[in-house]
Protein chains: 2
Amino acid sequence: MPLKKSWVASANTPDCPFPLNNLPYGVFLATDDERHCGVAIGDQILDVTRMEEDSLIDLPEDYVFMTGVWNDFMDLGPQVWAGFRATLTAALAEGSDQQAALTPYLVPMAGAKMAMPIDVIEYTDFYAGRNHAFNVGSLFRGPENALPPNWLHIPIGYNGRASSVVVSGTDIRRPWGQLKGPNDDKPRFAPCARFDIELEMGAIVGVSSDGPITVQEADDNIFGYVLLNDWSARDIQAWEYQPLGPFQAKATATTISPWIVTKAALEPFRCDTPEREFELLDHLKDCGPMLYDIDLDITLAPEGKPATALSRTNYNQMYYSAGQQLAHHSTSGCPMNAGDLLGSGTISGPTKPERGSLLELSWGGKEPITLDTGETRTFIEDGDTLTLNGAARGDGYTIGFGDCVGKLLPALEDPYQR
Amino acid sequence: MPLKKSWVASANTPDCPFPLNNLPYGVFLATDDERHCGVAIGDQILDVTRMEEDSLIDLPEDYVFMTGVWNDFMDLGPQVWAGFRATLTAALAEGSDQQAALTPYLVPMAGAKMAMPIDVIEYTDFYAGRNHAFNVGSLFRGPENALPPNWLHIPIGYNGRASSVVVSGTDIRRPWGQLKGPNDDKPRFAPCARFDIELEMGAIVGVSSDGPITVQEADDNIFGYVLLNDWSARDIQAWEYQPLGPFQAKATATTISPWIVTKAALEPFRCDTPEREFELLDHLKDCGPMLYDIDLDITLAPEGKPATALSRTNYNQMYYSAGQQLAHHSTSGCPMNAGDLLGSGTISGPTKPERGSLLELSWGGKEPITLDTGETRTFIEDGDTLTLNGAARGDGYTIGFGDCVGKLLPALEDPYQR
């Protein structure tokens with residue numbers, strides 16, 4: 001599919017992440033300091049909350065965008081999502097007669113402060129990147145026992161904390177936690193010394209379900225995708241995770257990109273999951289090409305210094321798609337809700353420069369990474385800014401999510417002082 | 001503290017679970033089929049939603065009980081909780097001049113259908129009963145490795161699914177899941193064959209926090225307690241839980257009692273946590289007697305047959321209190337919200353008839369339990385009704401939570417048929 005041209009001229013360049021083909025959904029702080037729902041087009045945001053106030057939007061319900069999050073829109077269902085997207089696409093297309101009517105609702109993206117695009121209802125994080133699971137397993141158990149026996153049969157996941165999900169641009173405070181190294185005789189309470197990122201995509205559930213759903217139904221229920229950084233305290237995790245999994249190590253924050261790219265915008269980029277060693281059970285089988293060809297990268301910028309590219313990989317490296325994860329999530333009868341967020345799991349390619357976490361890039365801290373500034377890193381240092389970026393590259397256009405950025409602030413001297 | 005007498009005569013018997021000393025909070029379906037907030041007193045429910053409509057309740061905000069859940073009331077904070085409780089206690093006391101005014105707002109509890117008392121925001125389940133952890137660890141790893149090395153230093157927990165929490169009386173459907181026994185050469189998708197209960201208490205967070213809080217602050221932030229049955233699919237759990245913990249095995253349902261007993265009502269029953277082998281780190285230390293002396297029991301009734309008492313234990317068997325769990329939960333900076341539910345972990349006493357799960361009672365299915373009907377059980381069978389009960393016993397009175405009941409329905413023949 002080629003670039004669709006818009007009368008918003010900045011949307012028509014091949015590198016602009018927000019062409020008419022994209023139209024991702026976000027929330028920004030408007031001049032009245034209220035949260036408004038917006039749609040990205042070129043270097044502008046179309047303020048759909050203000051359009052709704054002025055009766056320029058026709059939806060089956062009123063006040064959908066007044067809440068300043070996209071949840072009420074999601075609740076209207078896939079047919080309404082498709083209709084709204086078609087209407088916007090026509091109105092913003094080159095040659096549309098709506099240019100004069102819509103221009104007053106465009107806000108420059110530069111300088112707009114973004115907020116959480118949705119209220120996250122519940123958050124689940126998966127572990128569905130094979131190279132990542134193999135690398136982490138090798139570090140902890142050796143390469144011969146790297147993949148747990150269930151891994152090739154089931155999308156392994158755990159429930160995270162929805163309350164800890166923040167939007168790109170939110171500073172992250174280095175956490176304290178209970179730590180005990182292998183040579184320590186007892187645990188202590190101290191700031192995390194091995195703070196890390198995980199490069200992931202997040203799928204947003206848009207349709208609620210109450211009982212087991214098929215992979216096709218699950219895929220149909222997904223509203224869109226975000227970039228996701230699952231900040232991870234490796235030393236807290238090492239001490240706490242047996243036997244019930246990661247808990248406080250993953251509860252400081254998870255950052256998502258400001259823009260939700262709709263499933264519709266990603267359709268041209270669908271691709272197959274990798275070949276499988278073991279056939280999946282029927283209820284988890286692919287129902288078509290279920291992944292997306294999305295280039296992903298990580299950069300790290302020390303305080304006041306230029307960024308270094310740490311890693312480049314692609315979402316097509318996943319072993320399980322979001323549809324398969326959501327289908328598995330529902331097998332037990334677990335009710336899933338519109339607004340639930342599913343992290344893909346860390347995405348690592350097969351080679352070293354494609355690894356999606358510092359744990360893997362520095363091989364457990366044993367192989368420091370040299371930055372372009374000459375400094376080295378094993379894990380994140382105070383003041384470092386970590387940025388994830390994603391791009392699906394079409395015929396003369398790019399689909400982007402906006403940067404997924406967070407800067408690490410130093411730990412508090414006394415975490416109980418307020 | 002002795003029994004406080006009420007003009008609701010049924011509240012004044014030593015065995016009534018809802019004396020004036022208790023006044024627990026629940027939600028029931030009123031005659032208009034709407035959810036009303038209610039307070040239990042004797043064999044009656046005081047309809048506070050209707051009292052609010054009639055301007056008989058004085059709170060800092062309006063329409064607090066109109067939502068049909070107690071969340072908005074919790075948001076008013078501990079001072080308002082205390083004031084409301086004092087007002088109700090005075091109004092319902094023997095000799096009060098309010099009897100004529102309040103009598104029209106009493107609804108007989110018999111036949112009242114109960115609903116979820118709160119919207120559960122997020123749900124965390126802990127593993128903080130030492131005997132349970134030892135028993136389960138012995139079953140899986142042998143008695144010498146039963147307790148994981150971190151267990152005596154940290155309240156181990158994992159995030160569960162808030163969407164799966166249901167109120168007492170809700171039927172539970174036996175789930176399907178991916179299973180693989182130790183002798184199977186590959187996994188299969190089948191109904192759970194080892195469906196179990198876990199006897200727990202649940203603590204409801206009533207005050208939100210954003211950053212690490214002390215044990216004292218955590219204890220202050222708790223609104224009240226419920227009985228909690230953490231339904232568990234043991235065969236699904238065995239295959240899925242490594243390395244990230246239980247997931248679909250715990251996502252079918254968690255049942256809570258219909259009544260939230262306030263922390264205030266439980267004050268006279270505070271007791272100490274057990275002696276500790278290792279001193280806890282400062283940020284987790286007890287700030288006074290942190291547990292409660294609450295007798296707990298489990299009964300099982302096969303379909304159409306009388307119930308058998310399976311187990312009797314006490315909440316004082318916990319190693320970590322809810323305050324310590326909540327404090328630990330916040331260490332990483334994890335935002336905690338009013339409406340979060342914290343499961344205590346399975347409560348088992350030191351002897352066999354005090355075990356809080358069928359997994360322990362039947363020792364992994366190897367020692368069937370004989371019911372009073374002559375039947376035997378290893379795990380739950382279709383049609384069985386499981387009931388948890390709890391009672392704090394004061395001087396001439398009892399504090400109860402209402403039964404925490406669920407009946408197991410057979411698995412669907414085809415889980416994808418609707």
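The values are calculated or read from the model by the stated rules, or taken from the named source; none is laboratory data. Here the structure is a predicted model, which means the values were calculated and not measured. Cβ: placed from backbone, ideal geometry, glycine included. Neighbour counts: every protein chain shown. Calculation scope for accessible area: heavy atoms of the full protein, side chains included, ligands and nucleic acids excluded. Shrake-Rupley method; radii C 1.70, N 1.55, O 1.52, S 1.80 Å.
Assuming charge only on the beta carbon of Lys and Arg (+1) and of Asp and Glu (-1), the dipole of segment A:123-409 about its Cα centre is about 740 debye to the nearest 20.
Seen from a random direction on average, the alpha-carbon convex hull of segment A:302-358 projects onto 6.1 square nanometres.
Dipole of the protein assembly as shown computed with +1 at Lys/Arg Cβ and -1 at Asp/Glu Cβ about the Cα centre; of B:Y105, A:Y241, A:G383, farthest Cα towards the positive end is A:Y241. Comment: the Cα-to-Cβ extended label point of B:D295, at 7 Å, lies 7.1 nm from its counterparts in the other copies, nearest first. Shown for segment B:222-252: residues covered by the partner protein chains by 10 Å² or more of accessible area relative to the chain by itself (probe radius 1.4 Å), namely B:W239, B:E240, B:Y241, B:Q242, B:P243, B:L244, B:G245, B:P246, B:F247, B:Q248, B:A251, B:T252.
Sorted by accessible area with a 1.4 angstrom probe, largest first, how do A:R270, A:R418 fall?
Result of the area sort, largest leading: A:R418, A:R270.
What the Kirkwood sum gives for chain A is a hydrodynamic radius of 22.1 Å, with every pair of different alpha carbons counted. Projecting the Cα atoms of A:V8, A:P353, A:M74 onto the charge dipole of chain A, computed from C-beta unit charges around the Cα centre, puts A:P353 farthest toward the positive end.
Taking the protein heavy atoms of chain B in the context of the full set of protein chains, the accessible area attributed to carbon and sulfur is 50 percent at 1.4 Å.
For A:N145, the label point sits 7 Å beyond Cα toward Cβ; its separations from the matching points on the remaining copies run 0.8 nm, from shortest to longest. Treating only the Cα positions of segment A:143-269 as identical point scatterers, give the base-10 log of I(q)/I(0) from the Debye formula at each q in 0.11, 0.18, 0.20 Å⁻¹. One equal scatterer on each Cα of segment A:143-269 leads to -0.53, -1.14, -1.25. Centre-to-centre separation between the Cα atoms of segment A:324-381 and those of segment A:102-162: 7 Å.
Write down the Å³ per residue value for the convex hull defined by the alpha carbon atoms of segment A:9-115. Please report the intermediate quantities before stating the final value.
On the way: hull volume 10.8 nm³, N = 107.
Cα convex hull per residue, to the nearest whole number: 101 Å³.
Once you keep just the Cα pairs under 8 angstrom separated by 6 or more residues, what percentage relative contact order results for segment A:297-341?
Working: 21 pairs, mean separation 10.6, N = 45.
It comes to 24 percent, rounded to a whole number.
The rule of thumb for compact globular proteins, 2.2 N^0.38 Å, goes into the C-alpha radius of gyration of the protein assembly as shown 0.96 times.
Compute, for the protein assembly as shown, the length of the dipole vector about the Cα centre, with Cβ point charges of +1 (Lys, Arg) and -1 (Asp, Glu) only. Units Debye, rounded to 20.
On the way: 60 positive and 114 negative charges, 403 e Å.
In debye, rounded to 20, the protein assembly as shown gives about 1940.
Its residue count N sets the reference 2.2 N^0.38 Å, and the alpha-carbon radius of gyration of segment B:28-83 equals 1.10 times that reference.
In segment A:176-198, burial by the other protein chains removes 30 Å² or more of accessible area from A:Q178, A:P187, A:F189, compared with the chain on its own (1.4 Å probe, ligands and nucleic acids ignored). Translational diffusion coefficient of segment A:304-418 (Stokes-Einstein, Kirkwood radius from Cα pairs, 10 °C, 1.306 mPa s): 91 µm²/s.
Rounded to the nearest 20, the Cβ-based charge dipole of segment A:18-72 about its Cα centre (Lys and Arg +1, Asp and Glu -1) stands at 280 debye.
Tell me the relative contact order for segment A:123-409 as a rounded percent, counting alpha carbon contacts under 8 Å between residues six or more apart. In percent, rounded to a whole number, it is 27.
Think of the axis that spins chain B onto A; the B residue whose C-beta lies nearest it, and the distance in whole Å, is B:G245, 1.
Peptide A:332-343 has a mean of 5 when you count, residue by residue, the C-beta atoms of other protein chains within 10 Å of its C-beta.
Taking 0.36 nm per intervening residue step and subtracting the Cα-Cα distance, what contour gain separates B:Y63 from B:M1 on full extension? It would help to have the intermediate numbers written out before the result.
Working: separation 62, 0.36 × 62 = 22.32 nm, distance 3.43 nm.
Contour length minus Cα-Cα distance gives 18.9 nm.
Starting from the label point of A:G169 at 7 Å along Cα→Cβ, the same points in the other copies fall at 4.8 nm, in ascending order. Shielding value for A:158-167 is 6, the average number of Cβ atoms from other chains within 10 Å of each residue's Cβ. Between 0 and 90 degrees, rounded to the nearest ten: what's the tilt of helix A:130-141 against the longest Cα principal axis of chain A? That works out to roughly 20 degrees.
Highest mean first, the peptides B:376-388, A:34-46 sorted by other C-beta atoms within 10 Å per residue fall in the order A:34-46, B:376-388. Alpha-carbon geometry of segment A:351-418: the Rg and the Dmax are 16.3, 55 Å, given in that order.
Counting, for every residue in B:407-417, the Cβ atoms of other protein chains within 10 Å of its Cβ and taking the mean gives 2. What number, rounded to the nearest 500 deg cm²/dmol, is the helix-based mean residue ellipticity at 222 nm of chain A, given -39500 (n - 2.57) per DSSP H run of at least four residues and division by all its residues? -4500 deg cm²/dmol, from helical runs alone.
Residues in chain B average 37 Å² of solvent-accessible surface per residue, probe 1.4 Å, ligands and nucleic acids excluded. With the simple spin-label model, which puts each label point 7 Å out from Cα in the Cβ direction, the A:L139 to B:Q99 separation comes to 7.1 nm.
Before we go on, tell me the buried accessible area for the B/A pair, both chains summed, 1.4 Å probe, in Å² to the nearest 100. Please list the in-between numbers first.
Numbers: alone 17950 and 17920 Å², together 30480 Å².
That pair of chains buries around 5400 Å² in total.
Could you let me know the centre-to-centre spacing of segment B:163-193 and segment A:226-252, using Cα atoms, in angstrom? When both Cα centres are located, 26 Å separates them.
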